[in-house]
Structures are given as structure tokens and as C-alpha cells.
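A.B. asks: Shown below is the structure under consideration.
The values are calculated or read from the model by the stated rules, or taken from the named source; none is laboratory data. Source: prediction; values computed, not measured. Cβ placement follows ideal geometry from the backbone for every residue including glycine, while neighbour counts extend to all protein chains displayed.
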Amino acid sequence: MAKVNFTAARVASFEATPGKTQTIYWDAKTPGLGLRVTPAGARAYVFESRLFGKTVRITIGDAKAWLLDKARTEAARLKTAIDDGKDPREQAAERRAAHEARKLEARRKDATVSEAWTAYLDAQRSKWSERHMLDHQHLAQAGGEKKRRGDGLTVAGPLAPLMLLKLSSLSAETVAAWLESESQNRPTNAEQAYRKLRAFIRWCAERADYRDLVPEGAYTARSVRDAVPRPKAKDDCLQREQLPAWFAAVRKIGNPVISAYLQGLLLTGARREELAGLRWTDVDFQWRSLSIADKVEGSRVIPLTQYLASLLAALPRRNEWVFSSPAATDGKIAEPRIAHTKALASAGLPHVSLHGLRRSFGTLCEWVEMPSGISAQLMGHKPSALAEKHYRRRPLDLLRMWHDKIEVWMLDQAGIQFDAEEAKPGLRAVNT
């Protein structure tokens, strides 16, 4: 097709050749500049030339958006690049890639702690136990939501003040100030939150999306380490001579579910949430075992001792949970601490937390000279020595021998008569 000197009027009047999908008109003034017209009336400026013996055609843009002079200037620029042996398409691709890289880096630098924290938890979901995951979620929760158990609203977790910050703002000064603030009211939680924040920052340093965003020294600086609270280890624990009063008071609790639950905490050394989450399908009365959702390992199987079996068998089967509660939203025991506190007061005993009952089990096991590895396995503690990690695989019957022994000893100290030989699930013990 012959070249024509483009004018605005001519560009608007060009029409597609009948029977063709497109027709290109070429400008006589600017080398390589053309106007592509379709039967539907669409008009777009194009540029065409040859590079290393091959035809190169590039769309400049819609004729409605590009003025003729601007299209000619762009065609001249493209012709210059071709004459220099450069492919404008490659240059455009490089510019787009650089633009996307700048946008990505800008988004990366704007990443918040909350965004990265969510990605961190998602990455660990298949590796962590449900309990461990919940611990991380609770530490970062914003609070202000209705409690799932009991009345009132949830309290913000210790990590909540950091969640809205950018990762790039997580400096040593910021972390130190946060620690000092949180340590005033909840030092134990603040120390736990710091340890989890430290692991999170290390994870960020290994991910391309978040690498080099957290300022250096965010958790290693002296000011941060000095601000980490050193909470005192709790030592609430039942003594041997307190067992008679404790058992007597707890067994008098009007709610049999709470009474059995509290005794179960002492007799198994389980964590409070582990025992509260016990389902009937986890209880094997025939082979005397309990499958517990372990906080660390995911699950563990421990013996079901005779006396505890009688307590569990006597409980009402309202739903899937062993320690059920018709008033609780999720159907299982929600708040046994109130009843326990009242029982301690009525018995004239000092305060012992629910976790203190777990601590009591581990301590009282020494009275029967139970090997520490046995009690650790029953309680779900991580092995603390090489031999425990790699060379100890204790069968359930060996655990049962020692577990029965500590239960019999506790009942004897408490003055509770219970015939283990004749006991069957549902048989109640009687006080002497």
C-alpha cells in the first residue's frame, strides 16, 4: 500500500479493506509509522522495521489516546533503537520487569509484622501441634472479642502492640520499649512472647519476602536482652501431708465432672488443656489407656489407672467429651478453677493452681522412686538426655506398672480405700 502523509483528518477517515481482518496505512513522513485499522473501526498506531534481517512490529497505542505528533515521536525513538541494534521489545520487557521489581520491593518494605506473622504460622501449621499453634495465636490476638468460655471480652495478647508495625520498624529500641511495657503487668507472658518473637524474626531472615527487613539487633541488642523479664519459677505444689485434705475437699465438689477432672490432673500430671480435650474415643477401658493430645509431640498414650478409670466410667456421656459441660459453648469443661479454689479454701490449704497439680504429680513421683524418664514420658516432657531421645522406647505396660504405683501411693496417703484387684470401671472408692 502506498505511503500517505498522515494528518489527523486522514487518520480518522482511514477504513479497513473489505474482506481483510486488518489494514495498515503507512506514513510517508515518519519511517516505520503505520496505522492499523480493523473492520470494527478500531485504530492503533504501529511501528515496523527490520532488525538483523527479521521484521519487528510493535503496537504504539490507540489512535484515540495518541496524538499524531506524539506517535511520530515514539516511532522515531523506536527507529533510533533499531538502528543501534537494540530490540525495543526487549527494552520494554526490561522496563516492565524493573517496574514490577520496584513495586514488589515497595510492597515488601511495607510488610507489617501481622502479615509476616500470619505467613509464619501458615508455614508451621503442619509441623506444630494444635496447642502450640493456639499459643502463638493467643499471644498475637488483638483482643476485644467475646470470650468462647465465660463472660466478658478477650484480652489483647502481649504481641498485639507489635502486629500493626512494619517489619522495618521492629528495631531494638522498639522491642526493648515493648518488653519494658509488657513486663510491668505480665512478665511471664512477656518472656514467652519474646522467645516466640525471636524465633519469628529468625524465620523472616530466611525468607525472600521478608529478608533484611527487620533491623539488625532487633532481639540480640544488649538493651533488648536486659529488658527481657526473668520471672520467678512457680513452686505451688501439693505436699504429701496435704493429700488427705485435698482429696477429701475435691471429692466433695458437687459437680462430678469437675471433681473427676481435678483428680485426673493430679493423677496423670497432664496439662489442663490436654485433659480437658479428652474424648470418649480416647479412653480404652479394656486395655487401660488414654490417648492425650500432647502439646509438644501432638499426641501421647499413657496408662489409665484403676481409680481414675472408675471416676471416668461414672461420668455422664452427654457428648464426645469425657469432661463435658452442657453450659459451655464447645461442650466441654470450661472453668474448673473456681471450684478448685473453693475446695482449697474449705480444706485450709494454700493456693495451688491447676498447673500446680501437674507439678505436684512430678514431685510426688519421687516418693515412689519413679525413674525421671518414666515420669517425664507420662507427663509429656521432652527427653532431656541423649539416651532418652534415642534409646528409650518404654512400652505401655512398663509405664502402667509405675503409674499404678504412684496412684496407689497417693490414695494410701489420702486415706482412700480402693481395691485395685476387684475394681471395675464405675466402682467408687470410699474414705476411711
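A.B. asks: Collect the residues in region 189-239 that are part of a loop (DSSP other than H, G, I, E, B) and among the β-branched types (Val, Ile, Thr), keeping them in residue-number order. Quick ask: steps written out before the conclusion?
C.D. replies: Within region 189-239, the subset part of a loop (DSSP other than H, G, I, E, B) is 206-221, 228-239.
Once the filter is applied, which keeps residues that are part of a loop (DSSP other than H, G, I, E, B) and among the β-branched types (Val, Ile, Thr), region 189-239 yields VAL214, THR220, VAL228.
A.B. asks: Now, a different point. Check TRP287 against each of (1) more than 25 Å from LYS405 (Cβ to Cβ); (2) exposed (fewer than 13 other Cβ atoms within 10 Å of the Cβ) and name the one condition it does not meet.
C.D. replies: That leaves (1) as the condition not met.
A.B. asks: Considering (1) surrounded by 10 or more Cβ atoms within 10 Å (Cβ to Cβ); (2) part of a helix (DSSP H, G or I); (3) at pLDDT below 80, say which one ALA106 fails and leave the rest.
C.D. replies: (1)
A.B. asks: Here is a further query. Count, please, the residues in region 200-224 that happen to be farther than 30 Å from ALA101 by Cβ and surrounded by 14 or more Cβ atoms within 10 Å (Cβ to Cβ).
C.D. replies: Residues of region 200-224 that are farther than 30 Å from ALA101 by Cβ, as a first pass: 220-224.
Narrowing further to those that are surrounded by 14 or more Cβ atoms within 10 Å (Cβ to Cβ): 221, 223-224.
So the answer is 3.
A.B. asks: Given the conditions (1) over 53 Å from the mean Cα position of the chain (by Cα); (2) surrounded by 15 or more Cβ atoms within 10 Å (Cβ to Cβ), and given that THR38 satisfies all but one, which numbered condition is not satisfied?
C.D. replies: Among (1) over 53 Å from the mean Cα position of the chain (by Cα); (2) surrounded by 15 or more Cβ atoms within 10 Å (Cβ to Cβ), the lone unmet condition for THR38 is (2).
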